[in-house]
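The values are calculated or read from the model by the stated rules, or taken from the named source; none is laboratory data. Note that this is a predicted model, so its numbers are computed, not measured. We place every Cβ from the backbone using ideal geometry, glycine too, and count neighbours over all the protein chains shown.
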Amino acid sequence: MESYVVQMSQARIMGVSEEWIEKVTQANPSRHQLFMVRKVGCPPPGFNSAADTFEEGDIILALDGQLITRVSELDIMYEKDTLAALIVRNGQEMRIRVLTVPTEDLETDHVVVFCGAVLQKPHHAVRQQISKLHSEVYVSARSRGSPSYQYGLAPTNFITAVNGIPPPNLDRFSEEVRKIPDNTYFRLRAVTFDNVPWVVTMKKNDYYFPMSKYIKDRSQPSGWRTVCHDKDKYKDGIAPDAANLNPDAIDEGFDGVSDIDPDLE
């Protein structure tokens with residue numbers, strides 16, 4: 001959730017009562033303000049979407065009975081699994097119960113590399129930018145020269161089906177693509193970051209771009225454990241496609257864009 005400050009003049013127009021405006025004035029004499037929800041990010045995979053949630057435009061009056069007029073007072077969200085929120089929505093006061101997002105879901109701990117595409121569960125920064133989670137299989141990068149690069153599977157795409165079968169997570173995706181023989185064409189359904197569905201047909205290449213997994217493991221020197229899928233056998237160690245994951249070979253979707261001032265190039 002992103003929020004921004006609302007002054008009392010605007011809050012009054014949006015339906016905040018004089019009683020609450022007086023409470024804000026007394027609670028924070030130096031800054032008479034409340035917070036309005038600017039944007040609600042997409043919840044993490046498996047999150048209970050049936051629960052009450054904030055909506056864009058909500059004015060937050062109180063969380064668990066505590067009046068919220070300072071940013072520091074929002075820290076209460078880090079201490080509890082659910083919050084009783086008192087808000088003003090469409091000019092009406094209402095009470096909702098809001099679930100908080102566990103912090104362990106903020107980092108990536110599982111990556112699959114398939115046909116040169118780097119796949120992972122949509123991380124927190126991705127979910128902050130979208131309102132609907134199309135799939136748990138998200139393309140974060142791809143290797144130049146790989147089948148993914150050649151056939152146009154791009155970073156920020158969500159994969160929604162493999163040969164017509166929806167993969168609910170990375171493990172199921174791995175199971176489905178392992179059924180595809182080498183040097184065989186297959187079809188992926190995908191959705192772009194701006195919600196445009198499309199279909200890509202590509203040819204599997206296990207020789208140069210075998211599938212591998214990278215699993216976060218603090219017992220490993222690098223912090224990650226590598227599992228290579230090669231002819232239905234698991235091999236721990238360095239994946240054959242590791243050379244394709246160096247920075248010079250990876251495309252993250254920024255081709256043609258320079259962060260250098262043109263006058264300095």
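Selection of first residues in the stretch 130-147 that are over 11 Å from A117 (Cα atoms) and of second residues that are part of a strand (DSSP E or B) and at pLDDT below 90, restricted to Cβ pairs under 9 Å at least 6 apart or on distinct chains, gives the following pairs, ordered by first then second residue: S131/K39. Assessment of the stretch 81-89 against the conditions (modelled with pLDDT under 85, not assigned by TED's automatic domain parsing to the domain that holds E175 and not β-branched (V, I, T)) yields at least one matching residue. Only one of the listed residues (S30, S72) is assigned to a helix (DSSP H, G or I) and either under 23 Å from K132 (Cβ atoms) or of a type in the set (S, T, Y) (or both). That residue is S72. T201 satisfies every condition listed in (1) in contact (Cβ under 8 Å) with a residue 40 or more places away in the chain; (2) farther than 20 Å from L170 by Cβ; (3) assigned to a loop (DSSP other than H, G, I, E, B) except (3). Selection within the stretch 130-146: residues that are within 11 Å of the chain's Cα centre (by Cα) and either of a type in the set (D, E) or not in a strand (DSSP E or B) (or both). The member of this set that is surrounded by the most Cβ atoms within 10 Å (Cβ to Cβ) is V137.
Somewhere in the stretch 107-126, is a residue among the polar types (S, T, N, Q) and in a strand (DSSP E or B)? Quick ask: steps written out before the conclusion?
Going residue by residue through the stretch 107-126, those that are among the polar types (S, T, N, Q) are 108, 120.
Now narrow it down to the ones that are in a strand (DSSP E or B): 120.
Taking every residue of the stretch 107-126 in turn, at least one turns out to be among the polar types (S, T, N, Q) and in a strand (DSSP E or B).
Looking across the stretch 161-174, not a single residue is closer than 17 Å to I215 by Cβ and over 23 Å from the mean Cα position of the chain (by Cα).
Residues being touching a strand residue (DSSP E or B) at 6+ places or on another chain (Cβ under 8 Å), surrounded by 14 or more Cβ atoms within 10 Å (Cβ to Cβ) and part of a helix (DSSP H, G or I) are represented in the stretch 152-173 by at least one member. Test R189 against the stated conditions and say whether it is among the basic types (K, R), assigned by TED's automatic domain parsing to the domain that holds Y151, modelled with pLDDT of 85 or more and part of a loop (DSSP other than H, G, I, E, B). So R189 fails the test.
The residue pairs whose first member lies in the stretch 71-87 and is closer than 20 Å to H32 by Cα, whose second member is at pLDDT 85 or above and not in a strand (DSSP E or B), and whose beta carbons are closer than 6 Å, counting only pairs six or more residues apart or on different chains, are I87/D58. Scanning the stretch 110-125 for residues that are within 13 Å of the chain's Cα centre (by Cα), in contact (Cβ under 8 Å) with a residue 24 or more places away in the chain and either more than 18 Å from D217 (Cβ to Cβ) or loosely packed, with under 15 Cβ neighbours inside 10 Å (or both) returns L119, P122, H124.
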